[in-house]
Amino acid sequence: MMSIAKGFIFKRMDSPIHRLDPRIKLLMSIGLFYLALSISSIFEAAIIFSTIFTIATFANITNRLIRTIFIALGFAIFIFLINYIVGYEILLAIQLSLRFITIISSTSMFFLITSPDELEMVMKWMRIPRDFVFAFVTAVRFVPVLIIDATRIMDSQKSRGLELEKGNIIKRIRNFIPILIPLILTSIRRSLNLAEAMESRSYSSNNPKTSLYELQLKTRDKIALLIILVTFFALVYLLEYIV
């Protein structure tokens, strides 16, 4: 569970990709997501994987991205088996599995290079309602935190003699009760602290809200935008007419 959380938790780093405007990062991830959906052969998947890992290398997140891919690999194998059992050809089943892995990789990469604050700024720039922005960004912030809390609670309970892997299904479900109760209490306590912080900052006030930082495209962002557009259309042409 800790590995899953680390695959989606932002870690501030100094790299050319991290310094880009969050709107450029979002556009880049959307382009990779679209290309991932259009995979129709193993060679196309290899091209998209090469693009993703090239970006990850510039962002210094290769190891964390590989960890996410290994986690997604188990689900990809399950997808392959299901499609093969229902009658799909082996190559088609492999393509669907690779498509799933590329989608997970592009999504994970976006969260690894974009902070929740930058995500909030982008959503506000898109004129999305404030309450929806707050709910979504809060979920992005706290879902990995809850996974980490659950992992720590499980480790603590195991050190006290709790055996989660033994017994039948019903017993294993019962064994998770000592995990769920502390996790729920911790979540309630954290939500109360968040509510008090929101109230102290007059979140419910109807006065116009302002931001400390404003999104502005710099020269490096414009250059990156040009590179992304050229690369995207080149890959679309390559996948559509050459491969």
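FYI, it's all coordinate maths here, none of it is from the lab. Since the structure is predicted, the reported quantities are computational estimates derived from the model, not experimental observations. Neighbour counts are summed over all protein chains in view; Cβ atoms, including those assigned to glycine, are modelled from backbone coordinates with ideal geometry.
Within a straight-line Cα-Cα reach of under 26 Å, LYS218 can be paired with the following lysines, leaving aside sequence neighbours fewer than 8 residues apart in one chain: LYS11, LYS25, LYS124, LYS209.
The eigenvalues of the Cα gyration tensor, multiplied by 5 and square-rooted, give region 1-108 an equivalent ellipsoid with semi-axes of 27, 16, 10 Å from largest to smallest. Computing semi-axes √(5λ) of the Cα gyration tensor in Å for the structure here picks out one of (1) 26, 21, 18; (2) 34, 20, 14; (3) 34, 31, 15, namely (3).
Could you tally the net charge around ILE24, taking each other residue with its Cβ under 12 Å from the Cβ of ILE24, Lys/Arg +1 and Asp/Glu -1? Net local charge, ILE24 excluded: +3.
Other residues lying with their Cβ under 13 Å from the Cβ of THR114 contribute a combined charge of +2, Lys and Arg counting +1, Asp and Glu -1. The loop-placed trypsin sites (Lys or Arg not before Pro) in region 132-161, going by DSSP, that have at most 15 neighbouring Cβ atoms within 10 Å of their Cβ come out as ARG160. For the chain, relative contact order (Cα pairs under 8 Å, six or more residues apart, normalised by length) works out to 29 percent. Taking chymotrypsin sites (Phe, Trp or Tyr not before Pro) across region 156-243, the ones in a DSSP loop with at most 15 further Cβ atoms lying within 10 angstrom of their Cβ are PHE176, TYR203, TYR213.
Loop-located GluC sites (Glu not before Pro) in region 103-188 (DSSP state other than H, G, I, E, B) with a sparse environment of at most 11 neighbouring Cβ atoms within 10 Å: GLU163, GLU165.
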